[in-house]
Amino acid sequence: MARDTLRAEGRAQDDADRELGVDPADEGSPAASRSARPGKDRRGTLRGAETLRWLWTQLTSMRTALVLLFALALAAIPGSLLPQKPTSPVRVREFIANNPQLGAFYDAIGVFDVYASPWFAAIYLLLFVSLVGCIVPRIGVYLRGLRAEPPRTPRNLGRLPAHLRLGSSGDSEAVLATAEQVLRERRFRVRRLDDSVSAERGYLRELGNLVFHVSLVFLLCGVAMGALFGYKGTTAVVEGQSFSNTLTQFDDFSSGGLFNPGQLVPFTVTLDSFTAKFETGPVQRGAARVFLADTTTTLDGVTTQQQLEVNHPLVLGDSVVHLVGHGYAVDVTVKDGNGDVAFSGPVILLPQDGNFLSVGVVKAPFARPERLAFEALFLPTAVDQNGVGVSVFPDALNPQLLLNIWTGPPKESTGQPENVYSLDRTGLTQVTEDGKPVRFTLVPGEMFDVPGGGSIQFNGWKRWVSLQVSSTPGLWLVFGSVLAAVAGLCLSLFVRPRRVWVKVSGDVVEVAGLDRTEGRGGLDDELQLIADGLGLAPHEPQGAGSEVSGVAAPQPTDADRDDDNADTQPADDPKPAPAEPPTSAENEGKP
C-alpha cells in the first residue's frame, strides 16, 4: 500500500513537471534530481562510510568482545604447553631437533614465542579496542540514567508481577507523603506524582558491570606495560660470591620491546650461605624441608642482611629477586704440565635427579703446554650399586667426584661464547691407559696426577643458588584491576534493580513492583514491608490476586466470559429456566 502511494505521488509530480514544459527524463530536471538523491537505487549496497560504521558496530558489540576474550585464552594455550624461546631456549632447540618438520612449522608461525607473535598481538589489540568501544557508549547511557527520574506510574498496576490492594480512609496526600518517606528509608530514588509515587533502586548493578569491563581494559593495559617495559633474567651464584644487577652478570635475560638498560636498579646481592635440609625419616625420605639463603644486599649505599626463601623474595627498588633453584659446585684446583695453577675455584654442576646426581665440566683452557678439561660427575651420597656409582640421598653425606680427562693443543680465542656446562671436544683427545679411558674418583682433599703432566685436586664442595631477577612495571595495575573487577562482579551479581509504585485511587491504595532482572525473589516480601510501613490493611481480598497471596489475578479473556455465561445462571434470577416440552421423537418408545 505504501509503495503504491509513493508511486502515485511520483507520477503526479511528473505530470506536473510536463505541464510546466519540463521533460522528466532531462538531466537537471526535478525528476532526475529526485532519482539521484542519496539512498535511491542502492538496494543492498553499502558505501565506504556505511561499511566502516557496520564493521565498527560489529567489533564493539559485547558478543564480539566475548569471542575475542575466548580466542585470547585459546591463543595462550600453546604458551603453556610448548617451550618458549624467552624462558627455555634450550628446550626449544631440542624440540626442533627431535621434530624437524613440526618444529619448523611451529617456529614459522611463532608458537615458540606466543606472547610476542603478531597474531597474539592482533587478538590482544582487537579485544582492547572492542572493550573500549563497547564501554564508552554504555557509560554515557548510565550517566543519563543516573540523572533521569524514576519512570511514570503505569496505568494498570494490577498487571504487574506483584500487586497489593490496600484500604485507606485517610487523606491521599498524607498516604503519598508516608509512602515517599517509607521508600526513601528503603533506599529508593523517589519521584512524586499527582496521585502516585514512583520509586527505583539498583543503579549500582550497572555500575558493577561497567567497573568490571573497565577493569578488564586496565588489566590489559597493565599486562601490556609489563610486557613492553619489564625484564627477567636468571643467574647462578655460589656461596661466598656476589651478583650485581647488570646485563653482563645474567646467564639468561629477556626484556620487553621498550626496555632500557638504564632501568636496571644498581644493587648487589652476596650469597653468604645456603642451607638445604631434607627429610631423613622413612616417610618421604629425601623430600625438601628447608631452603634458606642468607644474603647481604647493597642498595643505594645501604648494606642489609636479609634472608631469601622460596616464595619470599627480596624486593630491591622495583626489582624482585626470587630463589628458583639450587645445586652443588665442586671446588677444585687444576695444575698444568708446567706445575702452574691453571684453574682454581668452584665449578657449578647441574643436578640430574631428585638425589642431586650432578654433571658438569672442569675447564683449564690456559693450561700449558696442553690445555686440560675434565668431565665431572658428582654424587652427594655415593653408593656403589653393581659397580656403578649412584647417589641415594640429596644431601652431601658421602660426596664423591668422578672424572675423566681430555687434553689438546691450546685453542685460539675467538671471542664467541661457550657453554660452561658442556664440553666442546673439537681438538681434544681423551686420555687413555692400555686403550681404556682414564676414569678416577676423588673424595674431598684428594688429588690425582694426570698422565702426561698436570694434576687436579678436589678441595671440597659448596652450594649454589639460581636467582631470578625481574621487574614488572604494570603489576600493581594488574593487581588493582583484578580487585576492582571482582568488586564490580559482586555488585552486578548481588544488587537487585527494582521499581515500585504506590498509587492512591479514592479509598484504595495500590502497591506494585517490578524486578528488572530474571530469577530474583523477594519482591512480594518487599511490597509487604512497604504496606506495613504505610500501616494500611488489605482491601477486599480476592483469591489468588488478593493482598494475602501477593500474586496478581489473571485477567479474564472474552472466551472465559462466554464460558462463564454459558455455565452459570444470572445472579439476579433465582428461578431456574423452564424446561422446554419434549419433542415427539423423544416421546417415542416411552410409556
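When you go through (1) of a type outside the set (Phe, Trp, Tyr); (2) more than 26 Å from residue 251 (Cα to Cα); (3) in contact (Cβ under 8 Å) with a residue 40 or more places away in the chain; (4) touching a Ser or Thr at 6+ places or on another chain (Cβ under 7 Å) one by one for residue 355, which number turns out not to apply?
(2)
Yes or no: the stretch 322-338 includes at least one residue that is of a type in the set (Lys, Arg), open to solvent by 20 Å² or more (accessible area, probe 1.4 Å) and within 30 Å of residue 383 (Cβ to Cβ). Give the derivation first.
Residues of the stretch 322-338 that are of a type in the set (Lys, Arg), as a first pass: 335.
When the remaining residues are screened for being open to solvent by 20 Å² or more (accessible area, probe 1.4 Å), the result is 335.
Filter once more, keeping what is within 30 Å of residue 383 (Cβ to Cβ): none.
No, that holds for no residue.
Test residue 164 against the criterion of being open to solvent by less than 30 Å² (accessible area, probe 1.4 Å), of a type in the set (A, V, I, L, M, F, W, C), touching a residue at least 12 places away in the same chain (Cβ under 8 Å) and in a helix (DSSP H, G or I), and give yes or no. So that I can check it myself, show each step before the final result.
Values: open to solvent by less than 30 Å² (accessible area, probe 1.4 Å): yes; of a type in the set (A, V, I, L, M, F, W, C): yes; touching a residue at least 12 places away in the same chain (Cβ under 8 Å): yes; in a helix (DSSP H, G or I): no.
Here the answer is no, as residue 164 does not meet what is asked.
Is at least one residue of the stretch 378-389 buried (at least 18 other Cβ atoms within 10 Å of the Cβ), in the same structural domain as residue 430 (by the TED database) and within 22 Å of residue 251 (Cβ to Cβ)? Before you say what the answer is, go through the steps one by one.
Residues of the stretch 378-389 buried (at least 18 other Cβ atoms within 10 Å of the Cβ): 378-382.
Next, only the ones that are in the same structural domain as residue 430 (by the TED database) stay: 378-382.
Checking which are within 22 Å of residue 251 (Cβ to Cβ) leaves us with 378.
Looking through the stretch 378-389, at least one residue is buried (at least 18 other Cβ atoms within 10 Å of the Cβ), in the same structural domain as residue 430 (by the TED database) and within 22 Å of residue 251 (Cβ to Cβ).
If you go through the stretch 339-350, how many residues are in a strand (DSSP E or B), in contact with a Gly (Cβ under 9 Å, 6 or more places away or on another chain) and crowded, with 18+ Cβ neighbours inside 10 Å? Before the answer, list the steps.
Here is the first cut: in the stretch 339-350, the residues in a strand (DSSP E or B) are 341-348, 350.
Right, trim to in contact with a Gly (Cβ under 9 Å, 6 or more places away or on another chain) and you get 342, 346-348, 350.
Right, trim to crowded, with 18+ Cβ neighbours inside 10 Å and you get 342, 346-348.
Matching residues across the stretch 339-350 total 4.
Output the residue which, of all residues in the stretch 230-253 that are in a strand (DSSP E or B), open to solvent by 30 Å² or more (accessible area, probe 1.4 Å) and in contact (Cβ under 8 Å) with a residue 40 or more places away in the chain, is nearest to residue 317 (Cα to Cα).
Per the stated criteria, the residue is 232.
Determine if the stretch 474-488 includes at least one residue that is at negative phi, buried (at least 18 other Cβ atoms within 10 Å of the Cβ) and modelled with pLDDT under 90.
The answer is yes; a qualifying residue exists.
Condition check ((1) crowded, with 17+ Cβ neighbours inside 10 Å; (2) under 18 Å from the mean Cα position of the chain (by Cα)) across all residues:
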site: 121; (1), (2): no, yes
site: 124; (1), (2): yes, yes
site: 136; (1), (2): no, no
site: 147; (1), (2): no, no
site: 150; (1), (2): yes, no
site: 170; (1), (2): no, no
site: 174; (1), (2): no, no
site: 216; (1), (2): yes, yes
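Can you tell me which of 294, 318, 353 is more than 21 Å from residue 469 (Cα to Cα) and open to solvent by 30 Å² or more (accessible area, probe 1.4 Å)?
Values: 294 fails: more than 21 Å from residue 469 (Cα to Cα); 318 fails: more than 21 Å from residue 469 (Cα to Cα).
Result: 353 is the single residue among 294, 318, 353 that is more than 21 Å from residue 469 (Cα to Cα) and open to solvent by 30 Å² or more (accessible area, probe 1.4 Å).
Of all residues in the stretch 265-285, count the ones that are of a type outside the set (Lys, Arg) and open to solvent by 20 Å² or more (accessible area, probe 1.4 Å).
Residues of the stretch 265-285 of a type outside the set (Lys, Arg): 265-276, 278-284.
Checking which are open to solvent by 20 Å² or more (accessible area, probe 1.4 Å) leaves us with 265-266, 268, 270, 272-273, 275, 278-280, 282-284.
So the count comes out to 13.
Taking residue 423 as the residue in question, decide whether it is modelled with pLDDT under 95 and either touching a Gly at 6+ places or on another chain (Cβ under 9 Å) or open to solvent by less than 20 Å² (accessible area, probe 1.4 Å) (or both).
Details: modelled with pLDDT under 95: yes; either touching a Gly at 6+ places or on another chain (Cβ under 9 Å) or open to solvent by less than 20 Å² (accessible area, probe 1.4 Å) (or both): no.
So residue 423 does not fit the description; no.
Could you tell me which numbered condition residue 130 fails, if it satisfies all but one of (1) over 23 Å from residue 52 (Cβ atoms); (2) of a type in the set (Ser, Thr, Tyr); (3) open to solvent by less than 30 Å² (accessible area, probe 1.4 Å)?
(1)
Within the stretch 458-472, track down each residue that is open to solvent by 70 Å² or more (accessible area, probe 1.4 Å) and modelled with pLDDT under 95.
472, the sole residue that qualifies.
Name the residues in the stretch 190-214 that are more than 20 Å from residue 140 (Cα to Cα) and either open to solvent by 50 Å² or more (accessible area, probe 1.4 Å) or not β-branched (Val, Ile, Thr) (or both), would you?
Taking the stretch 190-214 and keeping what is more than 20 Å from residue 140 (Cα to Cα), we get 190-199.
Passing the criteria: 191, 192, 193, 194, 195, 196, 198, 199.
Determine which single condition residue 222 fails, assuming it passes every other condition in (1) more than 30 Å from residue 417 (Cα to Cα); (2) open to solvent by 20 Å² or more (accessible area, probe 1.4 Å); (3) in contact with a helix residue (DSSP H, G or I) (Cβ under 6 Å, 6 or more places away or on another chain).
(2)
Counting just the residues of the stretch 426-443 that are open to solvent by less than 60 Å² (accessible area, probe 1.4 Å) and out of contact with any Ser or Thr (no Cβ under 9 Å at 6 or more places or on another chain), which one comes out nearest to residue 230 (Cα to Cα)?
To start, the set of residues in the stretch 426-443 that are open to solvent by less than 60 Å² (accessible area, probe 1.4 Å) comprises 427-428, 430-431, 437-438, 440, 442-443.
From what is left, the residues that are out of contact with any Ser or Thr (no Cβ under 9 Å at 6 or more places or on another chain) are 427, 437, 440, 442-443.
Values: 427: 42, 437: 49, 440: 47, 442: 45, 443: 45 Å.
The selected residue is 427.
For residue 186, are the conditions met, namely being surrounded by fewer than 18 Cβ atoms within 10 Å (Cβ to Cβ), in contact (Cβ under 8 Å) with a residue 60 or more places away in the chain, basic (Lys, Arg) and closer than 26 Å to residue 517 by Cβ?
Details: surrounded by fewer than 18 Cβ atoms within 10 Å (Cβ to Cβ): yes; in contact (Cβ under 8 Å) with a residue 60 or more places away in the chain: yes; basic (Lys, Arg): yes; closer than 26 Å to residue 517 by Cβ: yes.
Yes, satisfied.
List, please: which pairs have Cβ atoms under 6 Å, are six or more places apart or on different chains, and start with a residue in the stretch 448-477 that is in contact (Cβ under 8 Å) with a residue 24 or more places away in the chain and assigned to a loop (DSSP other than H, G, I, E, B) and end with one that is open to solvent by 50 Å² or more (accessible area, probe 1.4 Å) and not hydroxyl-bearing (Ser, Thr, Tyr)?
Qualifying pairs under 6 Å: 454/335; 473/225; 473/229; 474/225.
The values are calculated or read from the model by the stated rules, or taken from the named source; none is laboratory data. The structure displayed is predicted, hence computed values, not measured ones. Here Cβ is always computed from backbone atoms with ideal geometry, including for glycine, and neighbour counts include all displayed protein chains. Note: accessible area is taken over every heavy atom of the protein model, side chains too, but ligands, DNA and RNA are not part of it. Shrake-Rupley method; radii C 1.70, N 1.55, O 1.52, S 1.80 Å.
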